Amino acid sequence: MPLVLPTLSGSGGWPSAPGRSFASATLHELGTRRAFEADAHGVGEALLDAALPHLDLGVSAEDEPHLRSVLSAAARTGAGIGLVEADLSSPPPGVLTADAAAALWQARGGLPGMREDWARVAAWFLLAGHHAARVGPSALVPLAAALRDQGGG
């Protein structure tokens, strides 16, 4: 599958949902653990810094820290899955493995319940974190530009 820029609407970037396998469940578990390591944390925080200025989340001051925490966790989890995918299978640049796609869908299913627009943004951060981990720091500029172009802010 091609590794493409995620869209805020959710209509693009998300691969078709392949069946879950032992390999994809393992990738999800390892990626979730990796999300707590410095490399995934760095990708996630850099992504938040690049993307949040382009988003109008319509969040109250009371809810803002909680939503930011969810978005950060989504970005770090996506990054963790991307880093583990690269370590385990060394996919060619621009390719998303079926196991990683299934792991990302599994992670998406684990996001907390929230407003539909916030859920779309959290799913974007999950996929964008994966994309940024796989592509590298150069991915942050096109990811933020895509948000601007998609009307994110």
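The values are calculated or read from the model by the stated rules, or taken from the named source; none is laboratory data. From a predicted model like this one, the values you see are computed outputs, not experimental measurements. All Cβ positions, glycine included, derive from the backbone under ideal geometry; neighbour counts span all protein chains shown. Surface accessibility is based on the protein's heavy atoms, side chains included, excluding ligands, DNA and RNA. Shrake-Rupley method; radii C 1.70, N 1.55, O 1.52, S 1.80 Å.
Identify all residues within the range 14-34 that are β-branched (V, I, T) and over 15 Å from the mean Cα position of the chain (by Cα); write none if there are none.
Within the range 14-34, the subset β-branched (V, I, T) is 26, 32.
T26 - this is the single residue of the range 14-34 that is β-branched (V, I, T) and over 15 Å from the mean Cα position of the chain (by Cα).
Taking helices (runs of 4 or more DSSP H) as the structural unit, those lying wholly within the range 89-153 and holding at least 3 residues that are within 11 Å of the chain's Cα centre (by Cα) correspond to 98-109, 116-135.
For the range 45-56, which positions are open to solvent by less than 30 Å² (accessible area, probe 1.4 Å) and either outside any helix (DSSP H, G or I) or free of Cβ contacts under 8 Å to residues at least 12 places away in the same chain (or both)? Selection gives L55 alone. Of all residues in the range 59-82, those that are touching a residue at least 12 places away in the same chain (Cβ under 8 Å) have Cβ atoms under 6 Å from Cβ atoms of residues that are part of a loop (DSSP other than H, G, I, E, B), 6 or more apart or on another chain, in L67/V59; R76/A35; T77/A35; G80/A35.
Matching residues to (1) under 21 Å from A23 (Cβ atoms); (2) open to solvent by 10 Å² or more (accessible area, probe 1.4 Å); (3) modelled with pLDDT under 95:
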position	(1), (2), (3)
G78	yes, no, no
L88	yes, yes, yes
S138	no, yes, yes
G153	no, yes, yes
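If you take the residues in the range 30-39 that are among the aliphatic types (A, V, I, L, M) and under 18 Å from L88 (Cα atoms), which one is surrounded by the most Cβ atoms within 10 Å (Cβ to Cβ)? Within the range 30-39, the match that is surrounded by the most Cβ atoms within 10 Å (Cβ to Cβ) is A35.
Of the conditions (1) open to solvent by 40 Å² or more (accessible area, probe 1.4 Å); (2) modelled with pLDDT under 95; (3) within 16 Å of G129 (Cβ to Cβ), S21 satisfies every one except a single condition; which number is it? Of (1) open to solvent by 40 Å² or more (accessible area, probe 1.4 Å); (2) modelled with pLDDT under 95; (3) within 16 Å of G129 (Cβ to Cβ), only one is false for S21: (3).
One residue is enough: does the range 4-13 have a residue meeting the conditions part of a helix (DSSP H, G or I) and over 16 Å from G82 (Cβ atoms)?
First pass over the range 4-13, keeping only residues part of a helix (DSSP H, G or I): none.
No; the residues of the range 4-13 include none that is part of a helix (DSSP H, G or I) and over 16 Å from G82 (Cβ atoms).
Exactly one residue out of L27, L71 is part of a helix (DSSP H, G or I) and either open to solvent by 40 Å² or more (accessible area, probe 1.4 Å) or touching an Asp or Glu at 6+ places or on another chain (Cβ under 6 Å) (or both), and it is L27. With respect to (1) surrounded by fewer than 19 Cβ atoms within 10 Å (Cβ to Cβ); (2) of a type in the set (A, V, I, L, M, F, W, C); (3) without any contact (Cβ under 8 Å) to a residue 12 or more places away in the chain, the lone exception for M114 is condition (3).
Inclusion of G42 among residues that are surrounded by fewer than 22 Cβ atoms within 10 Å (Cβ to Cβ) and assigned to a loop (DSSP other than H, G, I, E, B) is not warranted.
Being open to solvent by 40 Å² or more (accessible area, probe 1.4 Å), touching a residue at least 60 places away in the same chain (Cβ under 8 Å) and closer than 24 Å to R148 by Cβ is a property that does not hold for P6.
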